[in-house]
1. Out of the residues in the stretch 2-47 that are of a type in the set (Val, Ile, Thr) and part of a helix (DSSP H, G or I), state the one that is surrounded by the fewest Cβ atoms within 10 Å (Cβ to Cβ).
2. Looking at (1) surrounded by 15 or more Cβ atoms within 10 Å (Cβ to Cβ); (2) farther than 30 Å from Gly12 by Cα; (3) at pLDDT below 80; (4) not hydroxyl-bearing (Ser, Thr, Tyr), which is the one condition that is false for Phe96?
3. If Asp110 satisfies every condition in (1) out of contact with any strand residue (DSSP E or B) (no Cβ under 6 Å at 6 or more places or on another chain); (2) within 26 Å of Asp237 (Cα to Cα) but one, which is the exception?
4. Pick out the one residue from Glu211, Glu199 that is touching a Pro at 6+ places or on another chain (Cβ under 9 Å) and modelled with pLDDT under 95.
5. Within the stretch 226-240, is even one residue farther than 30 Å from Thr309 by Cβ, at pLDDT below 95 and not aliphatic (A, V, I, L, M)?
6. Across the stretch 251-276, which residue is nearest to the chain's Cα centre (by Cα) among those that are hydroxyl-bearing (Ser, Thr, Tyr) and farther than 16 Å from Tyr174 by Cα?
7. Considering only the stretch 148-167, I want to know if a residue exists there that is out of contact with any Ser or Thr (no Cβ under 7 Å at 6 or more places or on another chain) and within 27 Å of Arg62 (Cβ to Cβ).
Amino acid sequence: MIRGKDIAALVGVSRPAVTAVLNGSRPNCVSKEKREAILRIASEHQYRPNQAAVALKTGKSRMIGVVMPPWGNPHIAELCMGIQRCLAARNYTSVFTIDNNYNPVPGNLDQFLSLRVAGIITVASSLLPDDIGVPVVSYYHNDPRFDSVCPDLARDARLIVEHLKEYGHKNFGYLGLHGDKRIRYLAAEAARCGLDFPERWQSWNPGGKTEGTDHFSRLLKVNKGRDLPGALVVLSDNVAFHAYQSIRRHKFRIPEDFSIVSHDNIAYCGCLSPALTSLSFGSPDEVAGEMVRLLLERIKNPGKPREVTRLKSVLIERESVANKV
């Protein structure tokens, strides 16, 4: 297997020059001819630098840690692929681990940080210590310690509730996660628009999990199958898919009995019957690109003011909301 010093000897440059060309940090530190020779030899011999060794020796790393919840939600899988593409285009290597704020894996983050990553993109910012020592971008959670890319919850709630009101709905419920901040904004918009949104129509798993939870059955049980809302706002498209199955299993119809509005607008929304109305935060590559931009700017300029990007959501209207007007 060829090594960096072997490429340097073949081209007639220093080993640091080879590293600088291959990682893109200083591509013009050698002549065009020698740069092309370095890239050609590295490609021919499938040379891969040892990123961990480089970080240990120089104190600098081209590895970015990404902390995401389990990929059972297609939105998370799409987002992770977008992050990987965006980092690779900038000559960074993404290293993934699975964790979340609600059921953290003991010791997981300590092992992760031992890799000496250059920065972290995470949905589990509350698990990180104040003295973490590397730049962090928090996704979804607007942690005041870090740069963040997060939804505009007030805007999201306004788009959803106004859409339901426009279609003649008088009330709605919620299927999702206990403690979700969306609930507070949905309640405020419901009050502003004159729609009913009582707590008994809010179904969530007390354990903090959404995967595998039959939220609709729980909603029926809490309300004893009576006095139910005509519309349901759902935490994510993934939860909505399970809700579709449960609603039909209980012999109800969509959207005649229950209109559905969800979040994330993953690719499968249009494949459901009826097609799912969902809130889009932008393409996975757009959202991932913004997180990568914030992180790399923070790496380059650690002292710059904190930056927060609010995602500008758009409601993608499909067939899962009945028109009651």
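The values are calculated or read from the model by the stated rules, or taken from the named source; none is laboratory data. If you're wondering where the values come from, they're calculated on a predicted model, not measured in any experiment. Here the Cβ positions follow ideal geometry from the backbone for every residue, glycine too, while neighbour counts run over all protein chains shown.
1. Ile41
2. Phe96 satisfies all of (1) surrounded by 15 or more Cβ atoms within 10 Å (Cβ to Cβ); (2) farther than 30 Å from Gly12 by Cα; (3) at pLDDT below 80; (4) not hydroxyl-bearing (Ser, Thr, Tyr) except (3).
3. Checking Asp110 against (1) out of contact with any strand residue (DSSP E or B) (no Cβ under 6 Å at 6 or more places or on another chain); (2) within 26 Å of Asp237 (Cα to Cα), the one that fails is (2).
4. Only one candidate passes the filter, namely Glu211.
5. Yes: the stretch 226-240 contains one or more residues that are farther than 30 Å from Thr309 by Cβ, at pLDDT below 95 and not aliphatic (A, V, I, L, M).
6. Once the filter is applied, the top-ranked residue is Tyr268.
7. Yes; the residues of the stretch 148-167 include at least one that is out of contact with any Ser or Thr (no Cβ under 7 Å at 6 or more places or on another chain) and within 27 Å of Arg62 (Cβ to Cβ).
Listed here are the residues, each with its yes/no results for (1) under 20 Å from Asp156 (Cα atoms); (2) among the hydrophobic types (A, V, I, L, M, F, W, C).
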| position | (1), (2) |
| --- | --- |
| Arg248 | no, no |
| Arg253 | no, no |
| Asp257 | no, no |
| Ile260 | yes, yes |
| His263 | yes, no |
| Cys269 | yes, yes |
| Leu279 | yes, yes |
| Val287 | yes, yes |
| Glu290 | yes, no |
